[in-house]
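Reviewing the structure listed below.
The values are calculated or read from the model by the stated rules, or taken from the named source; none is laboratory data. Since the structure is predicted, the reported quantities are computational estimates derived from the model, not experimental observations. Here the Cβ positions follow ideal geometry from the backbone for every residue, glycine too, while neighbour counts run over all protein chains shown.
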Amino acid sequence: MTFAILLVFAMFAGCGGDKGSNMPPPGLGGGAPAPGAPAVAGVPGGAPAAEPEDPNPRFTILKPYFKDFLRRPLDTKVNIFRTNLDRFAPTVEIDADPEQAEVTPKTPLEYYDANNYRLVLIMSGTAQAKALVIDPRDKAYIIQVGTLIGNRNGKVTSISATAVTIDEPGYPPIVKTLESPLDEMERELQAVQEY
């Protein structure tokens, strides 16, 4: 047992010793550099020291990012996707004076639904076909291809000898057919007979 205690004491005494007594304390240099020591930049009589090579070549790739990491304050939140988000984020240019879309005033044909208009007459033998429609208040209007009609932005697309086609965006086309006078007479006769 005494042998083990002496062995432990010898190890501690041999490790610590007076190892640092040959060297001056750091920062208090003795003046001239030791004969085998490399020259230090900024010391009179010494050549500028060359930058030592990096032992790991992969570190040279990470070196600028690592320096930025060391400069960043500790209390900032890190967003690892920020550089990629900045690169792919779309840029939106906002005009200082946005142009307002010109709204054309509504014509009397645009107050009612296109289904509420009644087709009365078609003039199809002329250079440009025209039709006569009557609104729910019994007011007559002449329409032609391209005329806006209805309150859902409807537009007259074609006028044939017996029908008018109205297209409304987002809705099926409306076809107004001209009723023959015989149909009207039959309805009137049936109304009289029922009376």
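Selection within the range 98-130: residues that are among the small types (Gly, Ala, Ser) and more than 17 Å from GLU168 (Cα to Cα). The member of this set that is modelled with the highest pLDDT is ALA129. Residues in the range 168-195 that are within 30 Å of ASN153 (Cβ to Cβ) and surrounded by 10 or more Cβ atoms within 10 Å (Cβ to Cβ): GLU168, TYR171, PRO173, ILE174, VAL175, LYS176, THR177, LEU178, GLU179.
Scanning the range 130-153 for residues that are part of a loop (DSSP other than H, G, I, E, B) and exposed (fewer than 13 other Cβ atoms within 10 Å of the Cβ) yields PRO136, ARG137, ASP138, LYS139, GLY146. The numbered conditions (1) assigned to a loop (DSSP other than H, G, I, E, B); (2) among the hydrophobic types (A, V, I, L, M, F, W, C); (3) touching a residue at least 12 places away in the same chain (Cβ under 8 Å) are all true for ALA127 except (3).
Among the residues making up the range 109-124, those that are under 20 Å from ASP167 (Cβ atoms) and either within 48 Å of the chain's Cα centre (by Cα) or not in a loop (DSSP other than H, G, I, E, B) (or both) are LEU109, GLU110, TYR111, TYR112, ASP113, ALA114, ASN115, ASN116, TYR117, ARG118, LEU119, ILE122. In the range 154-175, what residues are touching a helix residue (DSSP H, G or I) at 6+ places or on another chain (Cβ under 8 Å) and either assigned to a loop (DSSP other than H, G, I, E, B) or not aliphatic (A, V, I, L, M) (or both)? GLY154, GLU168 - these are the residues of the range 154-175 that are touching a helix residue (DSSP H, G or I) at 6+ places or on another chain (Cβ under 8 Å) and either assigned to a loop (DSSP other than H, G, I, E, B) or not aliphatic (A, V, I, L, M) (or both). Looking across the range 130-156, the residues that are farther than 15 Å from THR107 by Cβ and either under 37 Å from the mean Cα position of the chain (by Cα) or in contact (Cβ under 8 Å) with a residue 24 or more places away in the chain (or both) come down to LYS130, ALA131, PRO136.
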